[in-house]
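All remarks here apply to the structure that follows.
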Amino acid sequence: MCASLNSDERDRKMTSARRFQRAAVPVAATVVVFAGLLSACGGDDGRAVPAAEPASSTTVTAALAPAAGQAPAVAKTQGWLKIYGGAAPAGTANAVQLDVTSDPSVGQYVSDGTGRSLYRFDKDTAKPSASNCAGQCAVTWPPLTVTRDQSVYASGVDPQLVGFIERADGTCQITIGGWPVYFFSKDKKPGDLLGQGVGGTWFAVAPNGGKALAK
């Protein structure tokens, strides 16, 4: 009788184990999918996509723009992000536009499509691309970000120098020449450069990712 009871007990335990294994499979699959969604900057396979190595060129040429009447072509792809050379066609939705602006005090620098100045931070790194501005710093200096439903258009900036990194909060920040780029919260209108030289570490970003400085 005892042997029979032990055998029945073993059968019950084996059945419970099989049920648990079957239930665990969909749960594990759900966890994997959820983890991939949390990594907004990950590649199509869920892995983080590194920013491209900055090029050494410092020259911006007219060849970066498409011929008159032609729509911009995809010049570079980084993971899921498509980067075009030239201005976004009229009516393009969800475009992140990069333009080159000139100011007598700093020369050429990069702005967004609304004319807001973009900056780089000396405490960041370009090789590898990494941001060291978070928390209150990122409130004062909001990063220029891009999402999966957007594309980037670079006019006057070599598209090969444009990329993105994943920030600690999971958002995707645009880089130029490897340097993460930011707005300055005190700039209120297009062309403002109130962040230039702040703390001796913040500078308008040049088209090649360097510092835009007076000549």
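Quick notes on this one:
- The range 195-215: number of residues that are in a strand (DSSP E or B) and not basic (Lys, Arg): 4
- The residue pairs whose first member lies in the range 135-147 and is of a type in the set (Phe, Trp, Tyr), whose second member is surrounded by 18 or more Cβ atoms within 10 Å (Cβ to Cβ), and whose beta carbons are closer than 9 Å, counting only pairs six or more residues apart or on different chains, are Trp141/Tyr119; Trp141/Phe121; Trp141/Cys133; Trp141/Tyr182; Trp141/Phe183; Trp141/Phe184; Trp141/Gly195; Trp141/Trp202.
- Lone qualifier among Thr125, Thr145 - being open to solvent by 50 Å² or more (accessible area, probe 1.4 Å) and under 14 Å from the mean Cα position of the chain (by Cα): Thr145
- Among the residues of the range 77-98, not a single one is in contact (Cβ under 8 Å) with a residue 12 or more places away in the chain, open to solvent by less than 30 Å² (accessible area, probe 1.4 Å) and assigned to a helix (DSSP H, G or I).
- Considering the range 99-116, and only residues there that are open to solvent by 70 Å² or more (accessible area, probe 1.4 Å) and of a type in the set (Ser, Thr, Tyr), the residue that is nearest to Ala154 (Cα to Cα) turns out to be Thr114.
The values are calculated or read from the model by the stated rules, or taken from the named source; none is laboratory data. Keep in mind that this is a model prediction, so the values were computed, not measured. Counting neighbours? That spans all protein chains shown, and the Cβs are built from the backbone with ideal geometry, glycine included. Remember, those area values only see protein heavy atoms, side chains included, never the ligands or the DNA or RNA. Shrake-Rupley method; radii C 1.70, N 1.55, O 1.52, S 1.80 Å.
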